[in-house]
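The next block holds one structure in the form of structure tokens; read it before the comments.
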């Protein structure tokens, strides 16, 4: 089975995470993931007008920054928020960001 890179909790970098939050599309994806707990690319209702490559790019930025975790199951990718990891590394950050979107 393929594995997807996720930075370890101690490797999470504040500047990288804030950069990931710097795009309105990614903030919208973040809010959707937080509300639904886990989403798939095909289940991304607000992204229907977005090109698949653009959506993939935004998910990659969120994953590589450590904001989301991607779980592979068959041909599906399930995205979830790394809330506990983010909260332990940067207490209150994710709650403040989610409150602002």
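FYI, it's all coordinate maths here, none of it is from the lab. Values in this document were obtained by computation on a predicted structure and should not be read as measured data. All Cβ positions, even for glycine, are placed from backbone atoms using ideal geometry, and neighbour counts span all protein chains on display.
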Q) At 222 nm, what helix-only mean residue ellipticity would the chain give, in deg cm²/dmol to the nearest 500, using -39500 (n - 2.57) for each DSSP H run of four or more? A) -14000 deg cm²/dmol
Q. Looking at the square roots a ≥ b ≥ c of the eigenvalues of the Cα gyration tensor of the chain, which shape do they give, rounded for a/c under 1.5, prolate if a/b is larger than b/c, or oblate?
A. oblate
(Q) With 10 angstrom as the radius, rank 79, 32 by how many other C-beta atoms surround their C-beta, starting from the fewest. (A) 32, 79
**Q.** Percentage relative contact order, the chain, counting C-alpha pairs under 8 Å, at least six apart
**A.** 37 percent
